[in-house]
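Here's the structure we're looking at; comments come further down.
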Amino acid sequence: MQDNYASEQDSLRTGFYLNSFADINRVDLEIALNFWVNEITKQFNVLAKTKFYDNIEEMRNDFEQQKINFIVASPLPIINHFNSNHLAEGYKIVWDGSAEDSLLIITLKKSKLNHFSELKNKHLSILSNDPIPQIYLDILALENFGKKARGIFKKISTASKSNQLILQLFFNKTDVIVVYKKFYSLAIELNPQIKKNTQIISTLPGVTRVLGYFHKKVDPIFRNSVLTEIYNLQNHTKGQQLLALFHAEKTTPSSIHDLLSTQQLKRRYQQLINQYREHK
C-alpha cells in the first residue's frame, strides 16, 4: 500500500476486491490498477493509496472505517457485504458499447445437448472465484430438477480464465461450460470454428461485471474531480492501454441502480432455495 499522501481528506484511497477479476492475471492486475489510480490522481495533484483484498469482510470493515473511500468489486460481493446507504456514485467499465454482459451456457452442437434439462450426469466446467455462474446454474437446476447443480452434474471442474473453458469444450474435454458473452465473442473472432461447433442453450442477460463506488461521506466536489478523470481515460494513450487490459472501451458513471439486476437474481435464487427446502 502507498502512504505518500498529505491528508486523508484530499486523497483517493481505493480498495480492489481481487476475486472480482477472474479473467486477469493477478500480478498484471495489481500493476495496472496501481498505475490507473496514480494516473487519475496526478492529473489534479491529489495523492493516491491503493489496497488489494482477498478478504471481502476486511475490505468492508476498512470501507466503514474510511481507511479506504472507494471500492471496486463485482455486484454480488457489494450487495452481500456493503451497506448500500453508504455508497455514492462511481464508475463502471464499458465493453462493446455496453457496461452489461450476458452469461452463456454452451455445449457442442454434435453433443445434441440442446436444453438444460438434458445435462444430468454431464461434465460441467465453470470459472473459479465467480459466484454468479454458480447461482445461475443452481437456479436452472432447481427449476428443472428440483435440486442444486452439484446434485445434477457427474463432475464439476473449474478454470481461472474464460478462454480455457472455451478451449476445453472445443476440444471435447467437457460437456458444458458457463462463460460471459464478451469472452465467447472474442474467442470466436480468433477462431471462427468455435462458433461453427458450439451452441448457446441458455442465456442470462444484463450481468454487470465490475462496479466502483465512493463512500457517501467523501466530499462531492472531490468525488466529481476524480470521476471526471476516470471518465476521460479513453482520451489518453496510457488510459487506452490500461482499458485494453480489461478488454474495455471506456468508463461511464455508475449508480446504486446498477446493483438491481444482481439483487433480482439473488431474490430469484433465494425463492427457489426456500421452495426446495420446503419440499425436501
### Message
Could you go through region 248-255 and let me know if any residue there is in the same structural domain as residue 15 (by TED's automatic domain parsing), of a type in the set (Gly, Ala, Ser), modelled with pLDDT under 95 and more than 30 Å from residue 140 (Cβ to Cβ).
### Response
no
### Query
Just checking, which of 67, 92 is in contact with a strand residue (DSSP E or B) (Cβ under 8 Å, 6 or more places away or on another chain), within 20 Å of residue 248 (Cβ to Cβ) and charged (D, E, K, R)?
92
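Out of the residues in region 189-212 meeting the condition of being touching a strand residue (DSSP E or B) at 6+ places or on another chain (Cβ under 9 Å) and polar (S, T, N, Q), tell me which one is nearest to residue 163 (Cα to Cα).
First, the residues of region 189-212 that are touching a strand residue (DSSP E or B) at 6+ places or on another chain (Cβ under 9 Å): 197-212.
Filter again for polar (S, T, N, Q), leaving 197-199, 202-203, 208.
Numbers: 197: 15, 198: 14, 199: 16, 202: 19, 203: 18, 208: 19 Å.
Applying the filter and picking the extreme gives 198.
Out of all the residues in region 94-130, which are among the polar types (S, T, N, Q) and free of Cβ contacts under 8 Å to residues at least 24 places away in the same chain? Explain how you work it out, then say what you get.
As a first pass, look at region 94-130 and keep what is among the polar types (S, T, N, Q): 98, 102, 107, 111, 114, 117, 121, 125, 128-129.
Of everything in region 94-130, just one residue is among the polar types (S, T, N, Q) and free of Cβ contacts under 8 Å to residues at least 24 places away in the same chain, namely 98.
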### Task
Search region 27-52 for residues being surrounded by fewer than 16 Cβ atoms within 10 Å (Cβ to Cβ) and touching a helix residue (DSSP H, G or I) at 6+ places or on another chain (Cβ under 6 Å), and hand back the single one that is farthest from residue 187 (Cα to Cα).
44
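The values are calculated or read from the model by the stated rules, or taken from the named source; none is laboratory data. As the structure is a prediction and not an experimental result, all values here were calculated from the model. Cβ: placed from backbone, ideal geometry, glycine included. Neighbour counts: every protein chain shown.
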